[in-house]
Structures are given as structure tokens and as C-alpha cells.
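Here's the structure we're looking at; comments come further down.
The values are calculated or read from the model by the stated rules, or taken from the named source; none is laboratory data. This structure is a prediction, so every number in the text was calculated from the model and none was measured. Note that each Cβ is placed from the backbone with ideal geometry, even for glycine, and that neighbours are counted across all protein chains shown.
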Amino acid sequence: MKHGTWPVIVLTGVLATQLFAQSLSWNWCNPQPHGNDIVGLAWNGTLGVQVCELGRVYTSPNLIDWFPQNSHLTNDLQAVTFFGSRIIITGANGAIAYSDDGVNFTNCSVNSGGNWLVSVAASPKLVVAVGDNGAVYTSTNGANWQLQNAPQNLGDSWLTSVAYGNGVFVTTGDTGGSGGISYIANSGDGIHWTNQSANLSAADGNLEAVAWINSSGSSAVYPYTGFWAVSDAGDAFYSTNNGVAWNQFSFLNPSTNVLYTIAADSTTALLAGDSEVRLGSVISSHIAWPEQIGAALTTVPAWTYFAAVSETNGVYELAGYDGQLVQSYLTNGTYNWSTPYYSARDWLFQVTLAGGLYVAVGDNVRIMTSDNGADWTVEEVPLTNSVNLSNTAFLCVGGTTNLLVAAGSQGSLAVSPNTLIPVVQTNNAGGLFTNNASALGVVWYSLTVPAGTTNDLSGVCTFSNKFFLAGGNGSILTLNFTNWATLNSSNVNALLGGHNWITNNSTVASDLASITVFTNSVLTNGLLVACGDQGKILTSANGTNWTSVASGVNTGLLRVRCLNGRLLVVGENGTLLTSTNGTQWTKLSSGVTNWLNDAILVSNSCYVVGNQGTVLASTNFINWTNLGTITTKSLDGAATQNGQLVVVGFEGTILRSQIVPVTTPVKFTEYSQSSGYNIFTVAGTVDQQFTLDSSTNLLNWLTGPVLDLIYGDGTLIFYQNLPVNSPSQQYYRCTLK
């Protein structure tokens with residue numbers, strides 16, 4: 001695309017096959033805008049920055065729309081601040097990086113001896129980072145750092161926070177594990193510190209955060225201009241003399257919940273932490289701190305909040321665990337709260353693919369679907385028969401293109417038949433028309449519990465035109481049904497409900513976690529294989545008579561999969577077993593001790609997912625590489641289509657990675673200039689990666705930033721600063737990665 005004109009140049013690079021040994025590129029699907037724990041948050045009026053675990057950084061122009069950036073760090077990040085216009089981030093094991101545009105970050109980590117840098121603050125001329133074992137690092141530019149001596153009289157305390165205001169740095173620390181008094185010190189130069197903890201007590205707990213509040217311009221009027229601090233005992237303090245003396249706020253209904261963060265505007269102040277959010281304001285000449293967490297729609301969801309900022313008067317942004325975001329808005333003098341994104345956060349235990357549709361199931365009757373792996377919809381399940389919110393967790397889902405079955409706790413059952421339903425749509429002219437669409441995975445019916453079943457059901461598969469369920473106490477249930485044309489909403493329970501399932505004797509009393517069908521060039525008729533607690537593996541050629549085979553292990557086996565003509569079993573403590581006949585099993589070395597929960601084959605490579613964000617990969621089922629993900633949350637299920645890997649797990653986590661790159665062209669659809677920016681609109685396929693390259697002569701090209709079509713519609717709007725000295729002509733192209 002030529003600068004300032006409309007001709008479009010679309011150049012697509014040849015994509016190299018992505019080797020499994022490389023780190024996969026992951027995107028969040030749920031929760032939105034992402035699911036990383038937001039530990040630090042900063043806002044300078046035009047740009048917001050979040051820092052999270054595993055080096056994840058997100059930026060936003062409005063504190064609502066958040067975009068992932070590459071920090072070039074994999075350490076858990078802890079803090080962020082602005083040093084002028086420069087962004088400074090710090091984290092685990094001496095991690096430090098900076099950025100001048102919120103897109104390109106430079107890693108300048110220090111050799112901290114393993115100490116975490118948990119907080120960072122900046123004056124106009126100096127940045128100070130503090131952390132474990134009294135670590136204090138300073139920098140005059142954010143790029144080069146010097147280790148300073150620990151503050152005066154620190155003892156065994158570790159530093160927990162640092163802030164700057166009124167020409168002074170103030171740092172806080174814990175009690176040093178001795179049950180003593182939390183540490184506070186101040187410094188005029190960030191290097192020489194004076195201990196100022198005299199008027200705190202042991203009952204005040206460990207100070208978690210300190211902040212400079214410059215709200216009213218007065219230290220005598222609430223919210224008092226000065227330094228504020230909060231503790232893990234649920235207490236809050238303020239100092240109007242540069243951290244020398246401290247006053248404690250009084251709460252009408254005190255709490256012992258941990259407070260992690262502080263923010264304020266010109267008339268109110270916000271304190272937040274573990275299931276604790278208080279908004280302080282002056283009412284009838286005294287300061288009231290009403291709790292903002294409650295059941296009403298206008299209150300804050302009960303959550304753990306690590307960070308908060310004041311955007312403008314009346315607008316606060318709260319951020320915390322699992323990427324949760326909450327915003328306040330002021331209406332007629334009343335503070336109300338809303339979540340910019342609705343995201344289901346129930347634990348998801350399994351995901352399958354049926355008719356081109358991903359279907360994930362989980363806790364609290366949760367069923368979610370997606371046709372592209374990026375955009376997910378919560379499906380409704382009637383709370384009747386075996387299904388209710390109080391104790392139903394769907395633990396498995398599977399079936400055929402005729403019927404999907406979801407099963408779970410205490411024999412709960414729901415089904416989704418492939419029937420046609422009318423859908424009203426709008427044509428290009430704006431008129432309405434009705435089209436028929438498949439209800440598979442979308443419309444669900446609750447069934448009665450299988451007769452005599454009180455066990456959890458955690459595995460489902462189909463074999464010889466029958467549906468099989470496996471679960472607690474060795475239970476195996478069978479449904480034989482083929483007359484799909486007779487199914488409708490009024491008879492689905494009568495035809496598929498509890499009394500239609502036959503109980504088979506599995507010969508074991510151990511809980512069974514998974515069941516699958518094994519086929520290869522020898523076993524052309526197939527073999528049923530189930531696995532479960534204490535290393536139990538069962539096989540059956542007909543689904544009626546079951547044989548227990550030796551697995552060679554006594555750990556829990558959590559999922560069995562048939563992958564490219566071989567069986568793979570995954571389980572507790574990094575257990576991996578493989579077999580080519582279902583009878584003889586070989587234990588593999590996974591290289592990890594985390595629980596492994598599922599496995600899937602994508603483009604001739606096997607991927608195994610597990611607890612703490614574990615993702616293993618292998619091309620031969622022998623040598624395994626631990627790739628990890630962009631989260632430490634546990635992953636329980638995996639599915640694939642079109643070279644895309646989708647994984648689900650803890651707190652509603654859904655991640656996707658395009659293993660096999662999409663080679664269709666990426667193209668410019670719109671271009672404009674505004675407020676010193678080039679504005680590009682690019683369209684392609686979801687999860688395509690490309691570089692936005694530039695040239696002044698169409699011969700010599702400068703490789704630009706790597707961009708990712710992360711949204712489900714495959715479009716991206718990208719803002720790029722105009723060159724300081726704009727050339728007479730400028731061309732742009734998209735080159736696929």
C-alpha cells in the first residue's frame with residue numbers, strides 16, 4: 001500500500017512448517033480480554049499497561065480494549081510504571097524491560113541472585129525498583145540499572161512496594177517473619193533510606209502496597225494528599241509528612257482480608273484486595289468506607305483484585321485474578337460498577353469437535369461452543385431431570401454427527417441431537433429470511449439419571465453404533481439407539497433417558513476416568529479401552545465383556561486417546577503410557593511431574609496438556625518437549641481442526657494456537673491518516689501472523705512489527721506513528737510469517 005493513496009500491494013510470504021520444538025503462539029479465547037492474572041496496572045491518561053505472569057504484557061488506549069505485546073520476558077511480571085513516557089516493567093528473578101511506544105519492549109534484566117523485583121516507581125529523573133531480600137535497584141534512564149545497599153535497619157524484612165511523590169521515595173516491607181512491625185523507609189535520592197516505622201504495630205500486619213495520592217492538592221482534606229499504604233490484615237494508612245508518621249483509617253465494618261492496591265480521585269479513594277473493595281468518601285463530616293462487593297448488579301463481583309487506577313473522576317479500573325476487569329461509573333452522584341466483558345469462568349474439563357463445532361463442557365452446567373476456536377458462545381441447558389446448578393458438573397462430552405452426549409457428576413446427562421432449527425437472518429438488503437441450521441451442540445436436553453447410577457460419569461465414546469459412558473466404581477453404561485429421525489423435543493428423554501442405558505460389569509471397582517475406541521490396520525473392528533484410578537486399564541471387543549490388563553503403573557490414569565493407530569494414556573505425576581495393541585503397555589518418560597490430562601494429534605505431532613499450563617509435544621511418542629503456554633492455569637482438554645489446537649481448563653481457560661499456518665493471502669482493506677498515525681485495516685484468517693513491511697522504492701524493504709489477526713472475524717486495525725521525516729512516497733506490504 002502506498003503512503004497516502006489507495007493502491008494495494010498484497011505480498012504473501014512462503015510459510016515454513018512450524019516445528020513443535022519452537023514455542024507455540026497462543027491466543028486467549030476465554031475469558032476476555034485475556035485470562036492472565038493482572039498483577040500490575042498503570043495509566044498515564046492515554047495508555048494503559050497491564051503486567052501478568054510468564055512475561056505477559058497488555059496495552060490499551062482506553063482501559064477497555066487490551067492488546068497483547070511481546071515483552072521478550074518469560075518471568076512472572078510484578079509491577080509497571082511510567083518514567084516520563086517510557087514504560088518500565090519488573091518481575092521475577094530480576095526481570096526488567098522498557099518500552100517507549102507500548103509495542104516494542106527491550107529486555108534489560110539484572111542478575112539479581114534470584115530476587116524478585118516486586119515494585120517500581122519513578123521520579124522525573126530516577127527509577128527505583130525494590131524486592132526480595134531488601135533488593136533496591138536504581139536507573140536514570142530505565143535501561144541501565146545499579147544495585148544499591150539495602151535500606152537502613154531493614155533486618156529480615158523483604159521490600160514489598162515503593163512509591164514516589166513530593167520529591168521523596170517511600171518503600172514498605174513485611175514484618176520479616178518475626179511477628180514484628182512492618183518496615184517503612186523514605187529517601188530523597190532513592191539510594192539512602194531512613195527507617196520510619198515507629199508508630200505502626202504488629203497487629204497492622206504486613207504492608208502490601210504504598211502509593212502516592214495527589215488528589216485534592218491538600219494534606220488536610222480527604223482524600224489526603226500524601227502516601228497511603230495497605231496491609232494483609234485489611235488495614236489502610238496515610239501519611240501527610242512524606243512517610244514519617246502514619247494515621248490509620250477506621251472502617252465501620254472492619255475486615256481481615258488482604259488489601260493489595262490503592263487508587264484515588266479528587267473526592268474518593270479505592271482500596272481493593274482479596275474479595276475486598278472499599279470506596280471511601282466523606283459523608284456527614286466523617287469518612288465512610290462501604291464495601292462495594294455484593295449481589296446487586298451495580299456492585300463489584302467478589303474476586304481477588306491486585307491493581308487499580310483512577311481514569312478520571314468517577315471512573316476507576318479494577319484488575320486482578322484471571323484477567324478480571326471491573327469499571328466504575330458515576331451516575332447522579334452514585335458509583336456503579338460494570339464488567340466490560342462477560343466471560344464464563346467455570347472450570348472446563350473436556351472439549352470435543354463435532355460437525356466443525358468445538359464443544360467444551362465443565363462445572364456449573366457449563367457448555368460452550370465455537371465454530372472457529374476464537375469466538376465462544378455459552379449454551380443453555382435446561383435445569384431439569386438430572387441437571388441442576390447446585391451439583392452438576394459436566395465432566396465429558398462426545399458422540400457422533402447424529403448426537404452429542406455430555407455427562408458428569410452423579411450420573412447427570414444432557415444430549416444434543418442433530419436436528420434442524422429455524423434461524424431468522426438478515427440479508428444484504430436488510431430484509432429478514434428464515435434458514436434452517438443444525439442444532440448439534442447448540443440445543444441441549446437434560447435427561448434422567450441412568451437407572452441405579454449415582455456415580456460420576458467422566459468418559460464417553462461411540463462404538464458399533466452404541467454410546468458408552470464410563471465412571472465411578474468401574475461403571476460402564478451403554479445406549480443403543482439408531483432411529484434419529486424420530487427424535488424431537490417432546491420425546492428425547494423418553495428415548496434416550498435413564499432407563500435406556502444398560503449397565504455392564506467392568507470387573508473393577510476403581511473409578512474410570514476415560515474411554516475410547518482403538519482401531520488400526522490390525523484391529524479393524526475396533527477395541528474399547530478404558531482407564532482410571534490406580535493404573536487400571538480395561539479392554540473389550542464388544543462392550544459387554546471386559547478384561548483388565550496390566551499397565552505397569554499404579555498412578556491415576558486420566559485420559560486414553562487413539563492417535564494415528566496407537567494408544568496413548570496420560571495421568572498423574574507426568575504418567576505417559578503407549579500401546580499398539582491395547583494389551584502390552586510401555587511407560588514413556590514425559591520429563592515432568594505435573595498431572596497430564598489430555599492428548600491430541602495435530603499435523604503428525606502429538607500434544608499433551610496438563611496442570612500448571614503444561615503442554616508437551618512429540619513427533620515420535622518417545623521424545624517430549626515441554627513447550628508451556630502463556631498461563632500457569634491447569635489445562636484439562638484438547639481438540640483440533642484445520643491445524644488449530646484448542647485447549648480448555650481451569651477457571652474457564654480456553655487457549656488456541658494455529659499449529660499449521662494458514663497460507664491464504666492477507667490484504668489491506670482500508671487505509672487512512674489521523675492525528676499523526678498511519679491507520680491500517682487488514683483482513684485475513686484468524687490467527688494469521690504477518691509483518692507490516694515498508695519501502696520507499698519497492699526494492700528495499702524494511703521488516704516491520706509482527707502482527708496477529710487474533711479476532712474471530714480475521715480483521716485488525718493497526719495504528720503506526722507517522723515517520724518524523726516522511727518520505728515523498730511510502731509503500732507497505734503484509735508478509736506472512
Please work out if Asp274 is within 30 Å of Ser161 (Cα to Cα) and in contact with a Gly (Cβ under 7 Å, 6 or more places away or on another chain).
-> no
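So, in the range 258-287, how many residues would count as being surrounded by fewer than 18 Cβ atoms within 10 Å (Cβ to Cβ) and not in a strand (DSSP E or B)?
To start, the set of residues in the range 258-287 that are surrounded by fewer than 18 Cβ atoms within 10 Å (Cβ to Cβ) comprises 266-267, 275, 281-287.
Cutting the leftovers down to not in a strand (DSSP E or B) gives us 266-267, 275, 284-285.
Adding up the residues that qualify gives 5.
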Scanning the range 536-547 residue by residue, those under 16 Å from Gly459 (Cβ atoms) and not in a loop (DSSP other than H, G, I, E, B) turn out to be Ile537, Leu538, Thr539, Ser540
(1) touching a strand residue (DSSP E or B) at 6+ places or on another chain (Cβ under 7 Å); (2) farther than 18 Å from Thr448 by Cβ; (3) β-branched (Val, Ile, Thr): which one isn't true of Val522, the others all being true?
-> (1)
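Is one or more of the residues making up the range 162-175 within 23 Å of Gly114 (Cβ to Cβ) and either touching an Asp or Glu at 6+ places or on another chain (Cβ under 7 Å) or outside the structural domain of Gly243 (by TED's automatic domain parsing) (or both)? Break it down into steps so the answer makes sense when it comes.
Keep residues of the range 162-175 that are within 23 Å of Gly114 (Cβ to Cβ), which gives 162, 171-175.
Now narrow it down to the ones that are either touching an Asp or Glu at 6+ places or on another chain (Cβ under 7 Å) or outside the structural domain of Gly243 (by TED's automatic domain parsing) (or both): none.
Among the residues of the range 162-175, not one is within 23 Å of Gly114 (Cβ to Cβ) and either touching an Asp or Glu at 6+ places or on another chain (Cβ under 7 Å) or outside the structural domain of Gly243 (by TED's automatic domain parsing) (or both), which makes the answer no.
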Residue list for the range 323-351, filter: buried (at least 22 other Cβ atoms within 10 Å of the Cβ) and of a type in the set (Ser, Thr, Tyr) = Ser328, Ser343
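Take the residues of the range 470-489 that are surrounded by fewer than 19 Cβ atoms within 10 Å (Cβ to Cβ) and farther than 18 Å from Ser386 by Cβ: which is modelled with the highest pLDDT? Outline the logic, then answer.
Taking the range 470-489 as the starting set, the residues that turn out to be surrounded by fewer than 19 Cβ atoms within 10 Å (Cβ to Cβ) are 473, 478, 480-486, 488-489.
Those left that are additionally farther than 18 Å from Ser386 by Cβ: 480, 482-486, 488.
Working: Asn480: 95, Thr482: 92, Asn483: 92, Trp484: 91, Ala485: 89, Thr486: 91, Asn488: 90.
Filtering first and then ranking leaves Asn480.
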Considering only residues of the range 97-133 that are farther than 29 Å from Ile213 by Cβ and of a type in the set (A, V, I, L, M), which is surrounded by the fewest Cβ atoms within 10 Å (Cβ to Cβ)?
-> Val103
Check whether at least one residue in the range 694-701 is assigned to a strand (DSSP E or B) and either small (Gly, Ala, Ser) or modelled with pLDDT of 95 or more (or both), and report yes or no.
-> yes
Out of all the residues in the range 316-323, is one or more over 17 Å from Pro31 (Cβ atoms), out of contact with any Pro (no Cβ under 6 Å at 6 or more places or on another chain) and touching a residue at least 24 places away in the same chain (Cβ under 8 Å)?
-> yes
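Given the structure, is Gly441 surrounded by 15 or more Cβ atoms within 10 Å (Cβ to Cβ) and not in a loop (DSSP other than H, G, I, E, B)? Walk me through how you get there before you give the answer.
On the way: surrounded by 15 or more Cβ atoms within 10 Å (Cβ to Cβ): yes; not in a loop (DSSP other than H, G, I, E, B): no.
Taking the combined requirement at face value, the residue does not satisfy it.
Can you find a residue that is over 20 Å from Ala509 (Cα atoms) and crowded, with 19+ Cβ neighbours inside 10 Å anywhere in the range 553-562? If you could, list the steps in order and put the result at the bottom.
First pass over the range 553-562, keeping only residues over 20 Å from Ala509 (Cα atoms): 561-562.
Checking the rest, the ones that are also crowded, with 19+ Cβ neighbours inside 10 Å come to 561-562.
Among the residues of the range 553-562, at least one is over 20 Å from Ala509 (Cα atoms) and crowded, with 19+ Cβ neighbours inside 10 Å, which makes the answer yes.
Can you name the residue in the range 330-375 that is part of a strand (DSSP E or B) and of a type in the set (Gly, Ala, Ser) and is also farthest from Glu291 (Cα to Cα) among such residues?
Among them, the one singled out is Ala354.
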If you take just the strands (runs of 3 or more DSSP E) that sit entirely in the range 166-231, which of them hold at least 1 residues that are within 33 Å of the chain's Cα centre (by Cα) and surrounded by fewer than 21 Cβ atoms within 10 Å (Cβ to Cβ)?
-> 207-213
Asn141 vs. criteria assigned to a loop (DSSP other than H, G, I, E, B) and either assigned by TED's automatic domain parsing to the domain that holds Trp246 or in contact with a helix residue (DSSP H, G or I) (Cβ under 9 Å, 6 or more places away or on another chain) (or both) | yes
Failed item, numbered, when Val648 is tested on (1) in the same structural domain as Arg559 (by TED's automatic domain parsing); (2) surrounded by fewer than 24 Cβ atoms within 10 Å (Cβ to Cβ); (3) not hydroxyl-bearing (Ser, Thr, Tyr) | (2)
If we ask which residues in the range 70-86 are more than 16 Å from Ala319 (Cβ to Cβ) and in a strand (DSSP E or B), their number turns out to be 4
When the residues of the range 674-687 are filtered to those that are in contact (Cβ under 8 Å) with a residue 12 or more places away in the chain, of a type outside the set (D, E, K, R) and over 21 Å from Asn104 (Cβ atoms), which remaining residue is surrounded by the fewest Cβ atoms within 10 Å (Cβ to Cβ)?
-> Thr681
